[in-house]
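The values are calculated or read from the model by the stated rules, or taken from the named source; none is laboratory data. It should be emphasised that the depicted structure is a prediction, and the values quoted were computed from it without experimental measurement. Note: ideal-geometry Cβ built from the backbone for every residue, glycine included; neighbour counts use all protein chains shown. For accessibility, only protein heavy atoms count, side chains too; no ligands or nucleic acids. Shrake-Rupley method; radii C 1.70, N 1.55, O 1.52, S 1.80 Å.
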Amino acid sequence: LAFDHAIVKARLNSNDIWLDATDFSQGGRGFAIEQPHYGYALPLLPGNGELAKMPEVHPHSPTLVTEEEYTLPTADIGPMSIKVITTLTGSDADWYRKKIANETEADLARRYTDYYARKFPGLTSTAVLKVTDNRDSNKFVVEENYQVPGFDRRTGEIIKNFPVRGSLNIENIPELIPPDRALPGYIGIPFNAKHITR
């Protein structure tokens, strides 16, 4: 049971790449395909019994970029608009494609709206959730548009404690227990995220 999965090591322009043909969620072409994060593989070659270390992947640029833009009302009280654009590439795009594979457009839109509605009571969507998937470049772009009616920019409780919070993905790092463990623990693949608020 040590090996329960088969992958392919391919040679492309004198360089090795690893391919997991069972990962239906992957996008990209050639070297843009995200390499599997399996650590080691056993190449099936005559007379070979040595494990091969697979390359470690360290994203040098963000693969998850969230841009939130808040437009306050010009009057003291009025509608506040929120525009959110999330761009996912690389392993984040692959993960997202798998995550939404069994969701309807209505379910997806409701989930996104609910997230901001918890922060801003009375929030409504002002446009259809726009999801663009460019499979060849392995890039997802999600655009959200909302409005909060009757927003008080002077003395309202929300403006006093404005709920702006960037996600660092820390919640996805597993807790390692017990404290006296001797073996190394796996905390997931490296990630690079960026959150912009205007």
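Tabulated results
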item: Residue in the range 58-66 that is touching a residue at least 12 places away in the same chain (Cβ under 8 Å), of a type in the set (Val, Ile, Thr) and farther than 30 Å from Lys194 by Cα present; result: no
item: Filtered residues of the range 70-84 (kept if open to solvent by less than 50 Å² (accessible area, probe 1.4 Å) and either touching an Asp or Glu at 6+ places or on another chain (Cβ under 6 Å) or aromatic (Phe, Trp, Tyr) (or both)); result: Tyr70, Val84
item: Members of the range 9-27 found to be surrounded by 10 or more Cβ atoms within 10 Å (Cβ to Cβ) and out of contact with any helix residue (DSSP H, G or I) (no Cβ under 8 Å at 6 or more places or on another chain), listed by number; result: Lys9, Ala10, Asp16, Trp18, Leu19, Asp20
item: Unmet requirement for Val148, which otherwise passes all of (1) under 24 Å from the mean Cα position of the chain (by Cα); (2) open to solvent by less than 70 Å² (accessible area, probe 1.4 Å); result: (1)
item: Strands (runs of 3 or more DSSP E) lying entirely in the range 1-90 (those with 2 or more residues that are under 30 Å from Arg153 (Cβ atoms)); result: 64-71, 77-89
item: Top-ranked residue of the range 155-174 - restricted to ones that are open to solvent by 100 Å² or more (accessible area, probe 1.4 Å) and at pLDDT 75 or above, ranked as nearest to Pro36 (Cα to Cα); result: Asn161
item: Filtered residue count, the range 28-69, keeping only those that are open to solvent by 40 Å² or more (accessible area, probe 1.4 Å) and under 18 Å from Asn134 (Cα atoms); result: 5
item: Selection within the range 90-124 - in contact (Cβ under 8 Å) with a residue 12 or more places away in the chain, open to solvent by 40 Å² or more (accessible area, probe 1.4 Å) and farther than 22 Å from Tyr70 by Cβ; result: Trp95, Lys98, Ala101, Glu105
item: Positions within the range 64-93 being of a type in the set (A, V, I, L, M, F, W, C) and within 24 Å of the chain's Cα centre (by Cα), in sequence order; result: Leu64, Val65, Ile82, Val84, Ile85, Leu88, Ala93
item: Positions within the range 125-141 being open to solvent by less than 50 Å² (accessible area, probe 1.4 Å) and part of a strand (DSSP E or B), in sequence order; result: Phe140, Val141
